[in-house]
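Okay, structure first, notes after.
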Amino acid sequence: LTTGSVIGCFANIVTSTFAPRAVLSFSWCTENSVVPYSVDRALQTAHTVMRRRNVRMKETTEQLYRSIAEARRD
């Protein structure tokens, strides 16, 4: 990543080269492409990881992430 990069929430960057300067939320960035990632799968993974740590995601937090995902689609 370069200085000034902007990486959205639930973005995954898997590349051996420089990533784009901006990666949208709920995106997977690879060597050849940037593709959207399912908000439902992302939140399911987050719930699983948080449960392992005995933490529960607040409903307002989930709503915030869903609204970010919705804005990304627009």
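The values are calculated or read from the model by the stated rules, or taken from the named source; none is laboratory data. Quick caveat, the model's predicted, so the values are computed rather than measured. Here the Cβ is made from the backbone with ideal geometry for all residues, glycine too, and neighbour counts use every protein chain on show.
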**Request:** Filter segment 1-22 for residues that are within 15 Å of Ala42 (Cα to Cα) and not in a loop (DSSP other than H, G, I, E, B) and give the result.
**Result:** Asn12, Ile13
**Prompt:** Cβ-Cβ below 9 Å, separation at least six or inter-chain, first residue in segment 1-18 and among the hydroxyl-bearing types (Ser, Thr, Tyr), second modelled with pLDDT under 95 and part of a strand (DSSP E or B): which pairs?
**Reply:** Ser5/Ala22; Ser5/Val23; Thr15/Cys29
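To keep it simple, each residue is scored yes or no on (1) within 18 Å of Arg72 (Cβ to Cβ); (2) of a type outside the set (Lys, Arg).
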{"position": "Val14", "(1), (2)": "no, yes"}
{"position": "Ser27", "(1), (2)": "yes, yes"}
{"position": "Val34", "(1), (2)": "yes, yes"}
{"position": "Arg41", "(1), (2)": "yes, no"}
{"position": "Met57", "(1), (2)": "no, yes"}
**Asked** Pick from segment 26-72 the residues that are in contact with a strand residue (DSSP E or B) (Cβ under 8 Å, 6 or more places away or on another chain) and of a type outside the set (Phe, Trp, Tyr): which of them is surrounded by the most Cβ atoms within 10 Å (Cβ to Cβ)?
**Response** Ser27
**Asked** Listed residues Ser67, Ser25; which is at pLDDT 95 or above, outside any strand (DSSP E or B) and touching a Gly at 6+ places or on another chain (Cβ under 9 Å)?
**Response** Ser25
**Message:** Out of the residues in segment 28-57 meeting the condition of being modelled with pLDDT of 95 or more and of a type in the set (Val, Ile, Thr), tell me which one is nearest to Ala69 (Cα to Cα).
**Reply:** Val39
